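A short write-up of the structure that comes next.
Laboratory data are not the source of any read-out in this text; all were calculated from the coordinates shown. Model, not experiment: these values are computed from the prediction. Quick reminder, even Gly has a Cβ in these numbers, built from the backbone with ideal geometry, and neighbours come from all protein chains shown.
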Amino acid sequence: MNKELDNFYSILQKRYSVRKYSTKPVPKEMLDRILAVGHEAASAANRQPWAFIICEGESKKALDEVFYRDGFKDAPVAIAALSKPDEAWERRQDGSNYACVDVTIAVTEMILAATAEGLGTCWIAAFDLDKAKDILNVPDNMDIVTLFTLGFLPDGEKQPERNRKPIEDIIFKGKYKGR
Ligand SMILES: Cc1cc2nc3c(=O)[nH]c(=O)nc-3n(C[C@H](O)[C@H](O)[C@H](O)COP(=O)(O)O)c2cc1C
């Protein structure tokens, strides 16, 4: 494996859901690089049906009341990833709206960029949605796909072992074979 590949795979392996953070601020240049990755992400028909709200300082404090886990409250940054289904590509055959897929791709890339920067992250889908919409001023035609936290790891934090289904239960050749 060449060095570039090795680096890439090691970043993927380093990512895990971090639920405790140091309160040390995230440098602006770091955050800007991560946001640029979201800006450049792929989306169906390049519709870019998304918006990202950066909460730091006072706006992060205001958002903290939507989290069910105290560990997320220490994170210096949380980003709300919003979709705009009205602007997203739809598959003609079944009307599937790809807004959520598009936002997910952008968030995944930002999370991996943050991991490469040495930050911890966590996708958060379980939060008080009504409160979050209100605090973030989200209009009715937009959805919050996820919130995600960004921050340095606290001292002593260790990456847990991965817990996944056996690979043969999820990879199929040629056709799906139910078990
Ligand atoms: C779409 C999505 C939503 C998630 N929502 C939450 C959440 O609300 N709270 C939480 O603690 N973790 C949440 N997670 C983290 C998952 O629990 C975690 O990714 C999974 O257990 C695998 O662990 P890992 O991320 O450490 O590899 C979410 C992950 C994804 C992808």
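Key figures
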quantity	calculated
Among the residues listed as Glu157, Glu117, the single one being away from the ligand (no atom under 16 Å from the Cβ) and closer than 22 Å to Lys20 by Cα	Glu117
Tally, over the range 14-37, of residues that are within 16 Å of the ligand (Cβ to nearest atom) and of a type outside the set (Ser, Thr, Tyr)	5
Residues that are crowded, with 17+ Cβ neighbours inside 10 Å and not β-branched (Val, Ile, Thr), drawn from the range 110-123	Met110, Leu112, Ala113, Ala114, Ala116, Glu117, Leu119, Gly120, Cys122
Search result, residues across the range 134-154 that are out of contact with any Ser or Thr (no Cβ under 9 Å at 6 or more places or on another chain) and within 16 Å of the ligand (Cβ to nearest atom)	Leu147
Pick from the range 72-105, criterion within 16 Å of the ligand (Cβ to nearest atom) and among the acidic types (Asp, Glu), ranking: surrounded by the fewest Cβ atoms within 10 Å (Cβ to Cβ)	Asp74
Pairs, first under 10 Å from Gly151 (Cα atoms) in the range 68-86, second away from the ligand (no atom under 12 Å from the Cβ) and assigned to a helix (DSSP H, G or I), C-beta under 6 Å, six or more apart	Ala78/Lys60; Ala78/Leu63
Only one of Ala51, Ala41, Ala62 that is in contact with a strand residue (DSSP E or B) (Cβ under 9 Å, 6 or more places away or on another chain) and in a strand (DSSP E or B)	Ala51
